[in-house]
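Trainee: What follows is a structure written as structure tokens; I'll ask about it next.
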Amino acid sequence: MNSFYGIALIAAGSFASAIYYWPLKKLTNWSWETSWLVQGVFAWIIGPWVIAMITVPHLFEIIGTSPWHSIYMPILFGLGWGIGGLTWGLSIRYLGIGLGNSLPLGITLALSTLIPPFMDGTASDVFIHRQGIITISGVVIALLGIAICGWAATLKDHEIRESKTSGSEGFDSRKGFAVALIAGIMSACFAFGEKSGQSMVEIAKQLNPGSVWVYNPVYAVILIGGFIANVVYCVYMIVKRKSFIDFRKPRTGKYYRLAALAGLLWFSQFVFKGMGTSKINDDMSYITWCLLFSLVIVFSNLIGIITGEWKGVSRKTLLVLSAGLLVMLISVLVIGFAPVI
């Protein structure tokens, strides 16, 4: 029962991740780098540390008594993830919420699910035992679903370029596919950072037995690296494009609130993911990334349909997209039921 409760929590995080970019799309009077920097302050610093201090008693004792490698390695992986986060935002900008999330998520999903068991020496259990084999089958099904969604997006791209229907503004598949590849590979570093900070999780469990918040210290530390990478790039772009004028434009107060909402929504996916992971057996914790990303793909594409990103496409394209989303849902069911099959 705890496993299914954990999956429900992860699903809540997936939904938050799928909708976080929506408030940023309303910041039409700000440049991309200004919007990304302001939301990032809330996503990478304010949100993680405030929530960690509220939910995790003995937070600084946990961090202070953790082995040094469990601190600097998550920060280094956070730097790598930060590069992925930058290109992820550009991926959504060029490809839209649906495809811009789906492509990098597919790459990240596979790497985040399959690499961590090698990091802690449990890979043999994953590939030999029935439960692990069923889970890997679910990952393969998820990748098939991503491929089908990608096919639907390719059809959409072709139809948009032919008909010039609404929603084509800013759509650039060549740039989008390039940054999505980088985003997918580098964003998997977050999962690697979580695994390398496992000592913090164990200490948090000892000091706060039964708590569902034990992953929050790790996320706060990882995002220090992510914050550094993103701030350096955003400040560079603000200086280059003279975007600092954005902070003096009308409606700045409203824009700050929308950016803050986007940042907190984005970070909340990890709060829910950490809570869900704490409800799943340790030997199956690697499935949580696949569950999170699979459901993000489903939710983000559904939101893309609702917000008109697929407006004007043919019935065939919508059927292909629907098939891809159905396959993604099947993968979630396979992975979710793997512990009890």
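Coordinate-derived values only; no laboratory data. From a predicted model like this one, the values you see are computed outputs, not experimental measurements. Methodologically, a virtual Cβ is constructed for each residue, glycine included, from the backbone with ideal geometry; neighbour enumeration extends over all protein chains shown.
Trainee: Using 0.36 nm per residue of separation minus the Cα-Cα distance, give me the extension gain between residue 147 and residue 4 in nm, one decimal.
Mentor: This chain segment gains 48.8 nm when fully extended.
Trainee: Compare 119, 186, 328 in a GNM of the chain, Cα atoms joined below 10 Å, and give the one with the largest fluctuation.
Mentor: Comparing 119, 186, 328 in the GNM, the peak value goes to 119.
Trainee: Starting from the Cα-Cα distance between residue 181 and residue 211, subtract it from 0.36 nm times their residue separation and give me the gain in nm to one decimal.
Mentor: Values: separation 30, 0.36 × 30 = 10.80 nm, distance 3.64 nm.
Length difference between fully extended and current span is 7.2 nm.
Trainee: Dipole of region 266-341, Cα-centred, from +1 at each Lys and Arg C-beta and -1 at each Asp and Glu C-beta, to the nearest 20 debye?
Mentor: The dipole of region 266-341 has a size of about 340 debye.
Trainee: Could I ask something else about it? Let me check against my output: what whole-number percent is the relative contact order of the chain, with C-alpha pairs under 8 Å and at least 6 apart?
Mentor: Numbers: 561 pairs, mean separation 147.5, N = 341.
Result for the chain is 43 percent.
Trainee: Continuing with this model, one more query. Work out the charge dipole of region 230-341 with +1 on the Cβ of Lys and Arg and -1 on the Cβ of Asp and Glu about the Cα centre, then indicate which of 259, 310, 271 is farthest towards its positive end.
Mentor: Comparing the listed Cα positions along the dipole, 259 ranks first.
Trainee: On alpha-carbon atoms, Rg over Rh for region 184-328 using Kirkwood Rh?
Mentor: Expressed as Rg/Rh, it is 1.05.
Trainee: Using 23 Å as the Cα-Cα cut-off, could you pick out the over-long pairs in 195/279; 156/240; 26/311; 25/156; 254/311; 26/249?
Mentor: From 195/279; 156/240; 26/311; 25/156; 254/311; 26/249, over 23 Å: 156/240; 254/311.
Trainee: Compute the FRET efficiency between residue 154 and residue 58 as 1/(1 + (r/R0)^6), taking r as their Cβ-Cβ distance and R0 = 45 Å, and round to the nearest 0.05.
Mentor: In this case the efficiency is close to 0.30.
Trainee: Explain nothing, just the number: dipole magnitude of the chain about its Cα centre with +1 on each Lys and Arg Cβ and -1 on each Asp and Glu Cβ, in debye rounded to the nearest 20.
Mentor: Dipole of the chain, to the nearest 20 debye: 1340 debye.
Trainee: Hey, another quick one. Cβ neighbours within 10 Å, averaged per peptide: list 16-26, 234-244 in order, most packed at the top.
Mentor: 16-26, 234-244
Trainee: Would you mind computing, in nm to one decimal, how far apart the modelled labels at residue 307 and residue 247 are, each placed 7 Å from Cα along Cα→Cβ?
Mentor: 2.7
Trainee: Note down the relative contact order for region 199-341 as a percent, whole number, built from C-alpha pairs under 8 angstrom at least six residues apart.
Mentor: 24
Trainee: Can you grab the distance from the C-alpha centre of region 219-275 to the C-alpha centre of region 297-340, Å, no decimals?
Mentor: 29
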